[in-house]
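Here the structure is laid out as structure tokens; the discussion comes afterwards.
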Amino acid sequence: MRLGELMIGAGWAQPAQVAAALLHQRTDRRRLGALLVAYAGVSADDVARGLARQRGVPAALERHLAQRDPALTTVVPAEIAIELAAVPVAWSRGAQGMALVVCFRDPTPDHVAELVRVCGVPIIPAIACEAVIARELAAAYPGAVPREDDDSSVDVNFDDPSSPVFALVDLDDRRVLRDESQAQLQPPRAGGVLPPSSPPVPRVVAPPPVPAPPPVAPAPTLAETLTALVETAERDAVADLAIDHARGTWRGAVVLVVREGLAVGHRGFGGQVSEAALAALAIPLTQPSMFSTAVDERRALVGAPPPGGLVQTRFLKLFEDLGPAPIALYPVAVRGRVVNLIFAIAPIAPLPAAATALGQVASAMGEAYERLILTTRGR
């Protein structure tokens, strides 16, 4: 069924509204959904509902997109987002593990498969109208301009047996995960120029004194770190202690948690690492990378980063401001199963000494986890 017919049948648009949009289609090459919003007063949410019913995927409504996780732009590169007119929205946890919810202009099997190939994780496609996709792309990737739509058949009929129908997911489901630390982030306000009628802004003669920041405590020594790992009673403290040690010997480091076929960001510092970047960091261990090698072969990697795929390249971009630098990567194992990876880059101390110390910390992390597991079971 064509979108206009579907919208009228569902009560989301009146015949006169569809007729008005079709009239504008003679001079405006945008798709019918965008024209219904622009010229006929139909809401973007109702257009999304119509497209979702037509294409057999979830509708990405305004309330979903308002909660879009901005950190996910590190998972979907700008060039592929623009090429596919696709905006990452949130992580979703399902029976098969973690999947990425992505809002498409065209959720075709080829587009979804291409995004799976690039990102290395399962994709849950959703849909919104063309105008909304353009707005969200511009907000997520400043300066991005979606590839011009070359589909001349604007109101396409998808009542074809070969038309793709994807499994639906409720975007309001509690398993659709978002980084709550990003809830207060807002895009920059447009403008910034005061209107002519505004009174002049008084010049500040002297700013108030700013108190000096508290002194930064020196990083713990290796001996202090190993002792603290033996004594800690909190599982979350294990990664914190490892990162505290790395601050004294490396310019950047990340602890990743290994679960459900992914290496997920947990703690870290240096380069462009932030809480948002860590929350969005999910490295598929089924793709070739130094991380999959460390997990599969249960061995450390020290020196220049080995060849890896796209996911490794994107990860190393977090530290590109450090320049070419040696790395150390150690698996943290508990009873033969890798539970963490600790990665460090750009040693401050000589590489052999820094890497050896990091390896001792990784071993002590595994012992600490095992001790805490036994302690918990013994209670």
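The values are calculated or read from the model by the stated rules, or taken from the named source; none is laboratory data. Computed from a prediction, not measured in an experiment: that's the story for all the values here. With ideal geometry, Cβ positions are generated from the backbone for all residues, glycine too; neighbour counts draw on all protein chains shown.
Here are the numbers for the structure shown:
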quantity: Test: residue in region 306-329 that is more than 30 Å from L115 (Cβ to Cβ), among the β-branched types (V, I, T) and in contact with a Phe, Trp or Tyr (Cβ under 9 Å, 6 or more places away or on another chain); calculated: no
quantity: Scan of region 45-72 for residues that are outside any loop (DSSP other than H, G, I, E, B) and surrounded by 21 or more Cβ atoms within 10 Å (Cβ to Cβ), ordered by number; calculated: V47, A48, G50, L51, Q54, R55, A59, H64, L65, A71, L72
quantity: Residue in region 233-288 that is nearest to A344 (Cα to Cα), counting only those that are in a strand (DSSP E or B) and of a type outside the set (A, V, I, L, M, F, W, C); calculated: G252
quantity: Selection count, region 17-42, where residues are among the small types (G, A, S) and free of Cβ contacts under 8 Å to residues at least 24 places away in the same chain; calculated: 3
quantity: Selection within region 128-141 - more than 22 Å from A276 (Cβ to Cβ) and touching a strand residue (DSSP E or B) at 6+ places or on another chain (Cβ under 6 Å); calculated: A128
quantity: Residues that are out of contact with any Ser or Thr (no Cβ under 9 Å at 6 or more places or on another chain) and buried (at least 20 other Cβ atoms within 10 Å of the Cβ), drawn from region 95-105; calculated: V102, C103, F104, R105
quantity: Boolean, R371 is at pLDDT below 95 and not in a helix (DSSP H, G or I); calculated: no
quantity: Residue check, A38 outside the structural domain of I8 (by TED's automatic domain parsing) and part of a helix (DSSP H, G or I); calculated: no
quantity: Entirely in region 289-365, the strands (runs of 3 or more DSSP E) that have 2 or more residues that are surrounded by fewer than 16 Cβ atoms within 10 Å (Cβ to Cβ) and of a type in the set (S, T, Y); calculated: none
quantity: Of residues in region 287-333 being touching a strand residue (DSSP E or B) at 6+ places or on another chain (Cβ under 8 Å) and among the charged types (D, E, K, R), the one farthest from Y369 (Cα to Cα); calculated: R299
